[in-house]
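The next block holds one structure in the form of C-alpha cells; read it before the comments.
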Amino acid sequence: MLIRKPSDIRPSEITSRENYLNRRQFMQAGAIAGGTLLAPAALGAIVPEERRSRLPDVRESAFSTDATPNSYDDITTYNNFYEFGTGKDDPVVYARDFEPRPWTITVEGHAEKTGTFDFDDFMRPFDLEERIYRMRCVEAWSMVIPWVGISLASVVKHLQPTSRAKYVAFETLNDPTRMPGVRRRVLDWPYREGLTIAEAMNPLPILAVGLYGEVLPNQNGAPIRLVVPWKYGFKGIKSIVGIRFTEKQPPCSWNEAQPREYGFYANVNPKVAHPRWSQARERRIGAGVFASKQETLMFNGYGEHVAHLYEGLDLRRNF
Ligand code: MTE
C-alpha cells in the first residue's frame, strides 16, 4: 500500500545534516557561553511542534561512528512499525497523533527491582548519551542514526537481575484504540523481543528516547525503544511497556511468525543468506537510486565489541 506523506511536509521544512550540525555547534556554543539551551529552530513538520523538544544534558559517546547520519526526513518517514501499518510510509502518517504520555514500564521476573514505574521515574537514574550508530535492516537497507538514549547495561544493573535471569524480554504496548495496526493480526501482538543477559550487559545496546538531539518521534518508537547496532533492525523493539528477566529464551515476534527466516539472535551476518535474499550487501537509504550498494559487515561492523559473545556458537544455525 502506498500512502503519500502528509501534504503539509515541504522539502524546505526538512532539516539537512548541514543545518543540524550548524544548529548543534550553535547550541553547544550557547551552552558554553550562557549555560542555557534555546528552543530548536524548526526541524520540519513531520513531527507536530508540541512533541518536538530538545533533550537536555546529552553527552556525546565514544561509541559513535563518524559516518554521516541520514537526514531527519529519511529516519522519520521510512519506518517499520506494524502497530501503525505495514507500509514503510504508514507510521509517519498513522502514528502522528499517538500520545506517548502518560507511560509506564513494568519490570517483572528474576530481578530485585520489579514493579510498575512511571516513565520519568524510570529514566531518572540514567545519563543521556548521543550515539551515532550504523543500523542494518534485514531487508537489506541501512541507515546511520544519531540516537539519544541510555545504556541498557546500566538499566539492567540498576534493576539487579538475580542469578536465575538468563534473558531479558521486552514487550510493546498493545492498544488497538491507539494503534490502528494491531486491529489486524499481521503479528501475534504484542510485539516482543529479547536478548541474552550477556548481550544486554554489553556496552553497545541503548534504550533510545530521542534522535537528532530531540525527543523520539512516535514513528521511531516513542517514548522508548531498544537499539542494538550489531543486530538486524527487527530486534529494536519500539514503544516498550514491559521488561521481564527470564530463565528461558523468550518468544520474539518475528521468530514466532517465521522461524525459518528470523532467528532469536538476528546478528547481522553477510555470510548467511536470508531464505529469500542475499545478506551480503546493503543499500544506504538516502544515497540515491544510482548509488552502488555497499558490502555488509559481520556484526554490522561492531565485531570487536561483540564477537566474543558468540564464541563456540554456530552462527549459521543460530541465526
Ligand atoms: N517494534 C515494534 N513494536 N513494531 C514493529 O513493527 N519493527 C522493527 C523494529 N521495531 C517494529 C519494531 C523493524 S522490522 C525495524 S527494521 C525497526 O523497528 C525499524 O526502526 P525505525 O523505523 O526506527 O528505523
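The values are calculated or read from the model by the stated rules, or taken from the named source; none is laboratory data. This is a predicted model, so every value here is computed, not measured. All Cβ positions, glycine included, derive from the backbone under ideal geometry; neighbour counts span all protein chains shown. What goes into the accessible areas is simple: the full protein's heavy atoms, side chains included, and nothing from ligands, DNA or RNA. Shrake-Rupley method; radii C 1.70, N 1.55, O 1.52, S 1.80 Å.
The table for this structure:
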| read-out | value |
| --- | --- |
| Qualifying residue in the range 283-296 (condition: part of a strand (DSSP E or B), closer than 22 Å to VAL156 by Cβ and not β-branched (Val, Ile, Thr)) | no |
| Qualifying residue in the range 240-252 (condition: under 13 Å from the mean Cα position of the chain (by Cα) and modelled with pLDDT of 95 or more) | yes |
| Which listed residue is more than 15 Å from the chain's Cα centre (by Cα), more than 16 Å from the ligand (Cβ to nearest atom) and not hydrophobic (A, V, I, L, M, F, W, C), from GLU129, GLU99 | GLU99 |
| Count - residues of the range 250-282 that are buried (at least 16 other Cβ atoms within 10 Å of the Cβ) and part of a strand (DSSP E or B) | 3 |
| Scan of the range 108-131 for residues that are farther than 18 Å from ALA222 by Cα and crowded, with 17+ Cβ neighbours inside 10 Å, ordered by number | GLY109, HIS110, ALA111 |
| Residue in the range 240-249 that is under 14 Å from PHE319 (Cα atoms), touching a Phe, Trp or Tyr at 6+ places or on another chain (Cβ under 7 Å), open to solvent by 10 Å² or more (accessible area, probe 1.4 Å) and in contact (Cβ under 8 Å) with a residue 12 or more places away in the chain present | no |
| Scan of the range 226-247 for residues that are within 7 Å of the ligand (Cβ to nearest atom) and not aromatic (Phe, Trp, Tyr), ordered by number | GLY233, GLY236, ILE237, LYS238, SER239 |
| Cβ-Cβ under 6 Å pairs, at least 6 apart or on other chains, the range 184-200 side under 15 Å from ARG225 (Cβ atoms), far side assigned to a helix (DSSP H, G or I) and within 12 Å of the ligand (Cβ to nearest atom) | TYR191/SER253; ARG192/SER253; GLU193/LYS235 |
| Complete set of residues in the range 199-222 that are part of a loop (DSSP other than H, G, I, E, B), within 13 Å of the ligand (Cβ to nearest atom) and surrounded by 24 or more Cβ atoms within 10 Å (Cβ to Cβ) | TYR212, LEU216, PRO217, GLY221 |
| Counted residues, the range 76-127 - those being farther than 21 Å from PHE170 by Cβ and part of a helix (DSSP H, G or I) | 6 |
